[in-house]
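Here's the structure, in structure tokens; my notes come after.
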Amino acid sequence: MTTWFQYGDEEIQYLKGKDKKLGAAIERIGIIQRQVIPDPFAALISSIVSQQISKKAASTVWNRLNEALGGICPEIIDNTDVSSIQACGMSIRKAGYIKGIAKAAIDGQVDFHALPAMEDGEIITRLTALPGVGVWTAEMLLIFSLNRPNILSYNDLAIRRGITNLYGLKELTRDQFEKYRARYSPYCSVASLYLWELSGQ
């Protein structure tokens, strides 16, 4: 069964009240359905797969990986050699990262079952200690696995492009970005959905 990022009228009305331009875009675009992967381990592997490739390419590689392994869990990945993972359509480096994340889960370095009870910042700190996991990757897990409501990733080029497109900016400084983050908070993740749409990605 497909699970979607959950938001509704409360978040929409809040953002419309805070920002007229974003509000008009929300009105025009309507509800956005973005799939989430409720299992944090599988979601992190999906994020690694998605790094620096298009959405379409990521979907193809992710489907191949699922088919080849018969499921995404630490034990299966730990028992699969790196070359078999790489053969699904990724670099040897990414395949190595995926093996490392599985090992970290098995060894208890990261308790993926405990992540839903942790604060956003604590999750980012835990996950970015793993090779191959940067802040952006951890932030995507917060949105697209844990359904966290208040994530706006400065490290996401499409988010920044969405902001410049929406407000007609030639460039976006970090200070400006933080002002938009404060404006959208506590529903930055919902704003992110619309900014991705507005980025033309």
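Inside segment 1-54, can you point out the residues that are open to solvent by 70 Å² or more (accessible area, probe 1.4 Å) and touching a strand residue (DSSP E or B) at 6+ places or on another chain (Cβ under 7 Å)?
The answer is TRP4, GLN33, GLN35, PRO38.
What's the number of the only condition in (1) under 30 Å from ALA114 (Cα atoms); (2) at pLDDT 95 or above; (3) in contact with a helix residue (DSSP H, G or I) (Cβ under 9 Å, 6 or more places away or on another chain); (4) assigned to a helix (DSSP H, G or I) that SER47 fails to meet?
(2)
Quick test of your reading of the structure: ILE12 fulfils all but one of (1) in a helix (DSSP H, G or I); (2) at pLDDT below 95; (3) within 30 Å of ALA182 (Cβ to Cβ). Name the failing condition by number.
Condition not satisfied by ILE12: (2).
Can you confirm whether ILE32 is under 20 Å from PRO149 (Cβ atoms), at pLDDT 95 or above and either part of a loop (DSSP other than H, G, I, E, B) or touching a Ser or Thr at 6+ places or on another chain (Cβ under 8 Å) (or both)?
So ILE32 fits the description; yes.
If you take just the helices (runs of 4 or more DSSP H) that sit entirely in segment 60-156, which of them hold at least 2 residues that are under 24 Å from LEU193 (Cβ atoms), open to solvent by less than 40 Å² (accessible area, probe 1.4 Å) and touching an Asp or Glu at 6+ places or on another chain (Cβ under 8 Å)?
So the answer is 135-144.
Quick one: is SER145 under 21 Å from TYR7 (Cα atoms), polar (S, T, N, Q) and touching a strand residue (DSSP E or B) at 6+ places or on another chain (Cβ under 7 Å)?
Here the answer is yes, as SER145 does meet what is asked.
Do we find a residue being open to solvent by 60 Å² or more (accessible area, probe 1.4 Å), at pLDDT 95 or above, within 20 Å of ILE29 (Cβ to Cβ) and in a loop (DSSP other than H, G, I, E, B) anywhere in segment 157-176?
yes
Please indicate, with yes or no, whether at least one residue in segment 6-21 is in contact (Cβ under 8 Å) with a residue 60 or more places away in the chain and of a type in the set (Val, Ile, Thr).
yes
The values are calculated or read from the model by the stated rules, or taken from the named source; none is laboratory data. As the structure is a prediction and not an experimental result, all values here were calculated from the model. Heads up, the Cβs are rebuilt from the backbone with ideal geometry, glycines too, and the neighbour counts pull from every protein chain shown. Accessible surface areas use protein heavy atoms only, side chains included; no ligands, DNA or RNA. Shrake-Rupley method; radii C 1.70, N 1.55, O 1.52, S 1.80 Å.
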